[in-house]
1. Find, among the trypsin sites (Lys or Arg not before Pro) in segment B:217-318, those assigned to loop by DSSP (not H, G, I, E, B) with at most 16 other beta-carbon atoms within 10 angstrom.
2. Looking at this model, which pairs from A:302/B:85; A:302/A:393; A:41/A:122; B:294/B:499; B:377/B:511 are more than 23 angstrom apart at the alpha-carbon?
3. Antiparallel versus total DSSP beta bridges in the protein assembly as shown: what percent is that, nearest 5?
4. Within segment A:179-275, what percent of beta bridges assigned by DSSP are antiparallel, to the nearest 5?
5. What 222 nm value per residue comes from the helices of chain B, counting each DSSP H run with n ≥ 4 as -39,500 (n - 2.57) and dividing by all residues, nearest 500 deg cm²/dmol?
6. Pick from A:393, A:246, A:122 the residue whose mean-square fluctuation is largest in a GNM of chain A, springs joining Cα atoms under 10 Å.
7. Grab the beta carbon distance between residue A:276 and residue A:189, set R0 = 30 Å, and tell me the FRET efficiency rounded to 0.05.
8. What part of the accessible area of the protein assembly as shown, given as a whole %, is carbon or sulfur when the probe is 1.4 angstrom?
Amino acid sequence: MNELSLKPPMTPGCDEPTVLRERGQREVFCGLTGIIWMHRKIQDAFFLIIGSRTCAHLMQSAAGVMIFAEPRFATAIIEERDLAGMADANEELDRVVTRLLDRRPDIKLLFLVGSCPSEVIKLDLSRASQRLSAQLSPKVRVLNYSGSGIETTFTQGEDACLAALVPSLPAEAADSAPSLMVVGALADVVEDQFDRMFKAMGLDNVRFLPSGSADNLPPVGPNTHYLLAQPFLADTAWHLEDRGAKRIAAPFPLGEEGTTLWLQAAARTFGVSDEVFESVTAPGRERARRAMAHQSERLTGKRIFFFPDSQLEIPLARFLSREMGMVPVEVGTPYMHREHLAEELDMLPAGVRLSEGQDVDKQLDRCHADAPDLVVCGLGLANPLEAEGIATKWSIELLFTPIQGYEQAGDLAELFARPLVRRTRLEV
Amino acid sequence: MKLTVWTYEGPPHVGAMRIATAMKDVHYILHAPQGDTYADLLFTMIERRKTRPPVTYTTFQARDLGSDTAELFKTACKDAVERFKPQAILVGASCTAELIQDDPAGLSKALNLDIPVVPLELPSYQRKENWGAAETFYQMVRVITGAHAPAPGAERPERSADRPPSCNILGGTALGFRHRDDVIEVRRLLDALGVAVNVIAPWEATPADLARLGDADFNVVLYPEIAEPAARWLEKTFKQPRTKTIPVGVGGTRDFLREVAGLAGMDPDKAVETAESRLPWYARSVDSNYLTGKRVFVFGEANRAVAIARVAKEELGFEVVGLGCYNREFARDIRDAAATYGVEPLISDDYLEVEEKIAESQPEMVLGTQMERHIAKRLGIPCAVISAPVHVQDFPARFSPQMGFEGANVLFDTLVHPLMMGLEEHLLGMFRGDFEFNDEASPSHYGHVSGGVTHPAPQTAESVGETQIKVLAGAPEAPVADQPVAAPGEPVWDQSAEKELKKIPFFVRGKARRNTEIYAKESGVATITVETLYDAKAHFGK
């Protein structure tokens, strides 16, 4: 059997899936939450939220900042005197930033991150960042983006952050050889695996955005081909295209099949021969299949329901249905980027219920009616569902655990199997 | 603007959520953007509640601004009342909605609902969580109990002789530090005394229960930071006196029982006759000798910090070397108490300042919040958590009150277990030269703190909640620097002094090192010799 002949899509592309669009109460994090993994990724960046006590409380509740000796994020809490105009917001900001940088001389890149309150009072952080940048450069670069909950949902915070970085990426030389840029925060271990495989295929000019250091950002230009590693990067993609880069359309690197198609899309763009591609990927594919096989018995035939959270839901449903034999009942996503998800949508089983946006009470009603075997949801809903006897998987773990690529395919499957296994073990 | 990395208290609407979640048949309609729904996880994850908090968020978005956010609120309000059928609703705004000034009070009034609507004005840019909880409870009591208020100036009728004295227990909330167990323990004390409990609120009370608050003869205020405004109003309106003693520790509980007996028209001395706690004997048993004069730094919620400082000094024989709180509203109580211990009061919600003050006063143990636990870990000092803000560890599976006599037992264990046991301390000293014994071996009772005092504990996450968080956040940051390198002008240790220092048991070595360096600096000694070491020991000797 030819290793590269993949199963055909289950639904023909013309058969557009029906999507339930909902506008009610949403039970999701705002984009500020992305700081929790972005600050781990860009190691010399600091994220300063201009927000309220609520923002600070969200960050410490979601991130458990106490485990950090000193985290590289903080909140400048807007107080009554700022609102009443008794204090000049820009002066206040300068004061806070100065104090911060005095304490952390290692910071090279400072993000001013807008929040709901700063957006509502129309605090102009873009001007503030320009002003501060002029004062502090070249030692510290200051950028800004909004992670506010009125504009961004959870992973869109990463999108906004990366989109803010794109205009400051160095320009790629006009005569440079075609380059590949992998876009979206990946765990270092995953990044290294992909890097090794691309190199083995003969692709030397491969860069990652974000990079581990603010000094080492990848260049971009008309010869750049970018490959999204995450499905939630609409704005970043738009900004990259604005600088001439071209998107390589592909499904996302989740599971053996997703990873293969993702790597293959890049390989074909760069003219890698099928033989080389086959020899580079075969060991990984084989290991991925072996690792996933441990879990398939536990997952096959199980019905799964996704509450909207990270925008990873559609690629995950594709992986779980095609490779693990699970049956998606409802796949909820906060926002569906049809172009970036075109390949994924084609591979979803026919007739699956897709929902975009949320009305959490109605969705819970549907979930109860469907009685799925496993529910993927946020931390606010998980224990209440468990208490009703419904097994759950915290969706947030899918963001903080390395799940992409061949070597992680088994781990990814295991994340879904674990709650089911646990139930079979407990005898009380 | 205030630069904040970590806060002791959440915003005031989280305080309101704590009241709504503690109660039954109440629903809170909160005008707020989607991100604010994170607050649900405080209750479902930290407190492990089996149901979602009874809160509907409007989750307005940027595109709704300026067009129909008010309509969104009305729809959310109507739908929530239909779906959840509460006896009463709370309506209010979070920090962002406060800025758009939609007036939830007016909007909900326009809906003409046939249940009580309690509007909340919680200024998010001035106030914090405890204030929000107190204000919410007060407003609920005003609206719901107030509907049954006697005419102003009316005298409270005498309690008929055939009815036992009765009280309400006020202040227990969701996400409270051991509130779940304190309420049970205090109720047990009152039962034993023969005082009937009329209503416990807000803990598991319905609005219908609140309507009956006026039936009691007096109020027991367990948590002034939450129940004081409501209790004051009840005192004024219903002529119900309230307790002012917090039943923490043996002494505190005895005083509380005397106060309750006084309010109930009983004999105060009889009330404490049956009082039983193991703490007094445990504190007198010989092993506790080593507790004598241990220097403790107490920091937390003000009312709790004051009560714990008393236990530390009067019931365990510790020396209180620092006392502070993060809730400014009760700063005066902290100042008064600090004066009695002869220490400088610390009123601050900046944990970096708290860390600095703790390090300065060189305590042998810290009694604080989860944040001080981390501070103490960094400084290599044992710590016991005695106050909110809460953490998943503060909701133990076992019954573990902080109040009453059982609470005193719990406190003995809590405050003593982080320290080394007396006998163990002596054995360590005796065997420190044994080849099988080395400085790196940590005493079993230190649990998670590995290595000796001079080694900063690794910044690892060890609790359930933090393990989850660790997954979320990846590897923790590098710990702060180990031993400071002698800066210019700082005294240096000569070889023999370093060697001598190593002979001192490791659990006091850090202190010996610090004291010697301070002594050397103060007396202008540039090189620390064995001589200096013993001079310093004599200088600082207890």
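1. B:239, B:244, B:278
2. Checking Cα-Cα distances, A:302/B:85; A:41/A:122; B:294/B:499 exceed 23 Å.
3. 5 percent
4. Looking only at bridges with both residues in segment A:179-275, the antiparallel portion is about 0 percent.
5. -12500 deg cm²/dmol
6. A:122
7. The formula returns an efficiency of 0.80 here.
8. Numbers: 19520 of 38040 Å².
Whole-percent figure for carbon plus sulfur exposure: 51.
The values are calculated or read from the model by the stated rules, or taken from the named source; none is laboratory data. Just so it is clear, the structure is predicted and the values come from calculations on it, not from any experiment. Please note: Cβ atoms are built from the backbone with ideal geometry, for glycine as well, and neighbour counts cover all protein chains shown. Just so you know, the surface numbers come from the protein's heavy atoms only, side chains and all, with ligands and any DNA or RNA stripped out. Shrake-Rupley method; radii C 1.70, N 1.55, O 1.52, S 1.80 Å.
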